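S.K.: Below is a structure I'd like to ask you about.
The values are calculated or read from the model by the stated rules, or taken from the named source; none is laboratory data. Every value quoted in this text rests on a predicted model; they were computed, and no experiment measured them. Quick reminder, even Gly has a Cβ in these numbers, built from the backbone with ideal geometry, and neighbours come from all protein chains shown. Areas reflect the complete protein model, heavy atoms only, side chains present, ligands, DNA and RNA absent. Shrake-Rupley method; radii C 1.70, N 1.55, O 1.52, S 1.80 Å.
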2 protein chains.
Amino acid sequence: MTTTVAGFVGVTGSAGVKAGVADLSLVHATGAATSAAVFTRSRFAGPSVRVSREADTSGLRAVVVVSGNANVATGEQGLADARELQAWAAGRAGCSPQQVLVASTGVIGVRYPLETMRERLAEVPAVGPVDLGSVARAIMTTDTRPKVASRRVGAATVVGIAKGVGMIEPDMATMLSFVYTDAEVGATELDAMFRRVVDRTYNAVSVDTDTSTSDTAAVLASGAAGPVDPAALEAALLEVGTELVRMIASDGEGASTLIEVRVTGARDDAQAKLVGKSVVSSPLVKTAVHGADPNWGRVAMAVGKCESETDIHQEDVRIAFGGLETYPTLPTPERRAELEAYLANDTVVIEVDLGIADGAFTVYGCDLTEGYIRINADYTT
Amino acid sequence: MTTTVAGFVGVTGSAGVKAGVADLSLVHATGAATSAAVFTRSRFAGPSVRVSREADTSGLRAVVVVSGNANVATGEQGLADARELQAWAAGRAGCSPQQVLVASTGVIGVRYPLETMRERLAEVPAVGPVDLGSVARAIMTTDTRPKVASRRVGAATVVGIAKGVGMIEPDMATMLSFVYTDAEVGATELDAMFRRVVDRTYNAVSVDTDTSTSDTAAVLASGAAGPVDPAALEAALLEVGTELVRMIASDGEGASTLIEVRVTGARDDAQAKLVGKSVVSSPLVKTAVHGADPNWGRVAMAVGKCESETDIHQEDVRIAFGGLETYPTLPTPERRAELEAYLANDTVVIEVDLGIADGAFTVYGCDLTEGYIRINADYTT
């Protein structure tokens, strides 16, 4: 798998937050780049999100990430710390601070160890050719594995990295994803296609319905490979994003099964997404999948609780698991055995057809296990 | 505790669904009564809800409940079965079928054992003075204890019963609650006060965010005790309802702690409810309480994810547990020890002040434990 992108250099190192492992990464374009970025809508968004939102998000040159400390709920001091990190990265990247996106993930309510951090930042080696796989590793917190996906688009490459499992140290989930490409693409066009991709990928995954204060996704394009077909580029971005969110869902805290909910026959795609999220987020559906139980009644319940959708009629709904219908045709004993065998897979696809029109959407999640409880209850701050 | 109400008689017995325990109850007024009822808004509402919704909900005389089978997703046959049960109850109560509310709770997708049920119904003893405590027991499914609350209002009595723990047999939660009073009150007035009470009680509790296909709450007033002060009656209904939902939350599947979230300082009560539900439903908050961890960061996250509420500003929010502030004044080590001791209680109160205006709302829930996973994953259909 290609994990380098022409026109980008970088480095991983220590910011003094975590002992013994890389907790800092910097990736930057060697010249001008176009970019697009989206951020958490949380009312408790942290200083990193705040300074990044105020940056030039269509002309970003660099991304700097600290893992192990989210720098959230740290007040004016935390904001000053985020700006200092941004300025350091700008100095290394040879660009203005306004061209640097800052992200931070980990414990909240605790300031960076600023004195140590200053010392360590001074010691970070010079940037050079960068393996984005090592960057994916440096942004991990409780992820059990780094998450990297790449595609070719004509002469260009798209490489995406992500982190996020549902929970971090004793605090909350942060999903970060950064996509680098050497395709040449205008910032306005890139922004439009990235927002469509985000809607179908990062906004289509749920581990536990909780929304982080630090979620960030961005794409940077160096242009080094020249222009490519825009539709092909968008398709590559969608494939990379989809692969990353599937990795996020299957590495969800305590998860043993990736759940994919495909909703079809909806009034429109938005309705399909609403219903899909209701199903994939339902604790009763998630525990049923964990128990390898083809409990279509819980899927029906989760569809039913979309109370605002008065054009959904139970007589018109069809529910299946992996293509095996469970409603309205209830499973025979033989079919039931097939269903149970299917539910033992690592990936379970739940299909819901609403029987209204042609709207469709697929969402991703994971099962709910004792492991999730242990990780989030037994570990105390 | 008073568990009888003048003007009401009843009986418990067998409908042939569960072996060895009462699975049928009938309570009816001996004369005309006023009433009010609310039902699940699920798009997969079952036949019992459908026939009850079509009944004369302001002049109900009788309530018949079957536990152990929800009679949901049973098609036209299930609808016919619900009507047959309604007709049987009307015969016993000496009223029209239109004056009978039908409720059913338990396994879904399975028809009643109609032949057996007909035989058993014929054998149900005649109605007589009824202990509503025994009715509360007859409507239980996986509840670990019956739920009854009562209050005096002048010369009148209000007795409420409820069931619901988050999950039933292998299927979904059903919350049923029936309140009986001998106060004399007009149907229109009763309906208005009951809806206000329902909003503050049954609609303010969440075990796992999943909504049943069968949820039903109703109040019947026989008038036998004559008129009472309407404000006092509404207060009694609110107290009974609150006591019942606290019982439901603390008996939530696998629950070890009742969580009460009191939101104040909101723009209005609706905003306070929205924020309260976000906090009390958050898996990360629920697991933190289970771990006795005063993790205010997760509360902040759950407030923050109310993205539509753009008038919430993190600088104005205050968060406390049992009166012990955790944000913006972060706990000292001494305070932290106090907080941890507080979180070991059976009931944990989380206070969130939004610092906007005077809107307030309290919601109820429970912690999320390994027990919930075991009940819902390890038990398969």
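S.K.: Inspect all residues belonging to segment A:104-116 and state whether any of them is of a type in the set (A, V, I, L, M, F, W, C), in contact with a helix residue (DSSP H, G or I) (Cβ under 8 Å, 6 or more places away or on another chain), open to solvent by less than 10 Å² (accessible area, probe 1.4 Å) and in the same structural domain as A:R137 (by the TED database).
M.R.: no
S.K.: Could you give every pair whose Cβ atoms fall below 8 Å, whose first residue belongs to segment A:363-374 and is crowded, with 24+ Cβ neighbours inside 10 Å, and whose second residue is of a type in the set (F, W, Y) and not in a strand (DSSP E or B), counting only separations of at least 6 or pairs across chains?
M.R.: Once the first residue is crowded, with 24+ Cβ neighbours inside 10 Å and sits in segment A:363-374, its partners that are of a type in the set (F, W, Y) and not in a strand (DSSP E or B) give A:I373/B:Y372.
S.K.: With the structure loaded, tell me whether B:T174 is at pLDDT 95 or above and either in contact with a Ser or Thr (Cβ under 6 Å, 6 or more places away or on another chain) or in a strand (DSSP E or B) (or both) or whether it fails that test. Reasoning before the result, please.
M.R.: Numbers: at pLDDT 95 or above: no; either in contact with a Ser or Thr (Cβ under 6 Å, 6 or more places away or on another chain) or in a strand (DSSP E or B) (or both): yes.
No, not satisfied.
S.K.: Check B:A357 against each of (1) farther than 23 Å from B:I248 by Cα; (2) within 9 Å of another protein chain (Cβ to nearest Cβ); (3) assigned to a loop (DSSP other than H, G, I, E, B); (4) open to solvent by less than 50 Å² (accessible area, probe 1.4 Å) and name the one condition it does not meet.
M.R.: (2)
S.K.: Looking only at segment A:328-353, which residues are part of a loop (DSSP other than H, G, I, E, B) and either under 30 Å from the mean Cα position of the chain (by Cα) or polar (S, T, N, Q) (or both)?
M.R.: A:T329, A:T332, A:A344, A:N345, A:D346
S.K.: Any idea how many residues of segment A:30-47 are crowded, with 19+ Cβ neighbours inside 10 Å and either assigned to a loop (DSSP other than H, G, I, E, B) or not assigned by the TED database to the domain that holds A:S222 (or both)?
M.R.: 7
S.K.: Which condition number does A:E370 fail, the rest of (1) away from chain B (no Cβ under 12 Å); (2) more than 20 Å from B:I108 (Cβ to Cβ) being met?
M.R.: Answer for A:E370: the failing condition is (1).
S.K.: Checking the structure you have, find out if any residue of segment A:212-219 is within 14 Å of chain B (Cβ to nearest Cβ) and either over 30 Å from A:T30 (Cα atoms) or touching a Pro at 6+ places or on another chain (Cβ under 9 Å) (or both).
M.R.: Yes, that holds for at least one residue.
S.K.: What residue, of B:V5, B:V66, B:V27, is closer than 21 Å to B:P129 by Cβ, more than 14 Å from chain A (Cβ to nearest Cβ) and assigned to a strand (DSSP E or B)?
M.R.: Working: B:V5 fails: assigned to a strand (DSSP E or B); B:V66 fails: closer than 21 Å to B:P129 by Cβ.
It is B:V27.
S.K.: To continue, here is another question. Can you name the condition, by its number, that B:L176 falls short on among (1) open to solvent by less than 20 Å² (accessible area, probe 1.4 Å); (2) touching a helix residue (DSSP H, G or I) at 6+ places or on another chain (Cβ under 9 Å); (3) under 26 Å from B:F361 (Cα atoms)?
M.R.: Of (1) open to solvent by less than 20 Å² (accessible area, probe 1.4 Å); (2) touching a helix residue (DSSP H, G or I) at 6+ places or on another chain (Cβ under 9 Å); (3) under 26 Å from B:F361 (Cα atoms), only one is false for B:L176: (2).
S.K.: Within segment B:297-327, track down each residue that is open to solvent by 10 Å² or more (accessible area, probe 1.4 Å), in contact with a helix residue (DSSP H, G or I) (Cβ under 9 Å, 6 or more places away or on another chain) and outside any loop (DSSP other than H, G, I, E, B).
M.R.: Hits for segment B:297-327 are B:Q314, B:E315, B:A320, B:L324, B:E325, B:Y327.
S.K.: Only residues that are more than 22 Å from the chain's Cα centre (by Cα), assigned to a loop (DSSP other than H, G, I, E, B) and of a type in the set (G, A, S): list them for segment A:8-24, please.
M.R.: A:S14, A:A15, A:G16, A:A19, A:G20
S.K.: What number of residues within segment B:248-296 are part of a helix (DSSP H, G or I), at the interface with another protein chain (Cβ under 10 Å from one of its Cβ atoms), small (G, A, S) and within 23 Å of the chain's Cα centre (by Cα)?
M.R.: Residues flagged as part of a helix (DSSP H, G or I), at the interface with another protein chain (Cβ under 10 Å from one of its Cβ atoms), small (G, A, S) and within 23 Å of the chain's Cα centre (by Cα) within segment B:248-296 amount to 2.
S.K.: Against the condition more than 22 Å from the chain's Cα centre (by Cα) and not in a loop (DSSP other than H, G, I, E, B), how does A:R83 come out, does it pass?
M.R.: Yes; evaluated as a whole, the condition is true for this residue.
S.K.: Taking segment B:60-88, which residues are within 27 Å of B:L237 (Cβ to Cβ) and either free of Cβ contacts under 8 Å to residues at least 40 places away in the same chain or open to solvent by 10 Å² or more (accessible area, probe 1.4 Å) (or both)? Give the derivation first.
M.R.: Going residue by residue through segment B:60-88, those that are within 27 Å of B:L237 (Cβ to Cβ) are B:60-67, B:70, B:86.
Once the filter is applied, which keeps residues that are within 27 Å of B:L237 (Cβ to Cβ) and either free of Cβ contacts under 8 Å to residues at least 40 places away in the same chain or open to solvent by 10 Å² or more (accessible area, probe 1.4 Å) (or both), segment B:60-88 yields B:R61, B:A62, B:Q86.
S.K.: So which of A:A221, A:A236, A:A225 ends up being more than 23 Å from A:S67 (Cα to Cα), open to solvent by less than 10 Å² (accessible area, probe 1.4 Å), out of contact with any helix residue (DSSP H, G or I) (no Cβ under 9 Å at 6 or more places or on another chain) and touching a residue at least 40 places away in the same chain (Cβ under 8 Å)? Working first, answer last.
M.R.: Numbers: A:A221 fails: out of contact with any helix residue (DSSP H, G or I) (no Cβ under 9 Å at 6 or more places or on another chain); A:A225 fails: open to solvent by less than 10 Å² (accessible area, probe 1.4 Å).
Testing whether each residue is more than 23 Å from A:S67 (Cα to Cα), open to solvent by less than 10 Å² (accessible area, probe 1.4 Å), out of contact with any helix residue (DSSP H, G or I) (no Cβ under 9 Å at 6 or more places or on another chain) and touching a residue at least 40 places away in the same chain (Cβ under 8 Å) leaves just A:A236.
S.K.: Look at segment B:31-50 and say how many of its residues are in contact with a Lys or Arg (Cβ under 9 Å, 6 or more places away or on another chain) and farther than 21 Å from A:I312 by Cβ.
M.R.: 6
S.K.: Which condition number does B:V352 fail, the rest of (1) within 9 Å of chain A (Cβ to nearest Cβ); (2) open to solvent by less than 20 Å² (accessible area, probe 1.4 Å); (3) of a type in the set (A, V, I, L, M) being met?
M.R.: B:V352 satisfies every listed condition except (1).
S.K.: A follow-up question, please. Which of the residues spanning segment A:132-160 are surrounded by 21 or more Cβ atoms within 10 Å (Cβ to Cβ) and small (G, A, S)?
M.R.: A:A136, A:A138, A:A149, A:S150, A:A156, A:G160
S.K.: Do you know which residues across segment A:239-248 are open to solvent by 10 Å² or more (accessible area, probe 1.4 Å) and not acidic (D, E)?
M.R.: Within segment A:239-248, the subset open to solvent by 10 Å² or more (accessible area, probe 1.4 Å) is A:239, A:242-243, A:246-247.
Scanning segment A:239-248 gives A:T242, A:R246, A:M247.
S.K.: Only one of these is out of contact with any Cys (no Cβ under 6 Å at 6 or more places or on another chain), at pLDDT 95 or above and not β-branched (V, I, T): B:R111, B:R120, B:R145, B:R61. Name it.
M.R.: B:R120 is the lone residue from the list that is out of contact with any Cys (no Cβ under 6 Å at 6 or more places or on another chain), at pLDDT 95 or above and not β-branched (V, I, T).
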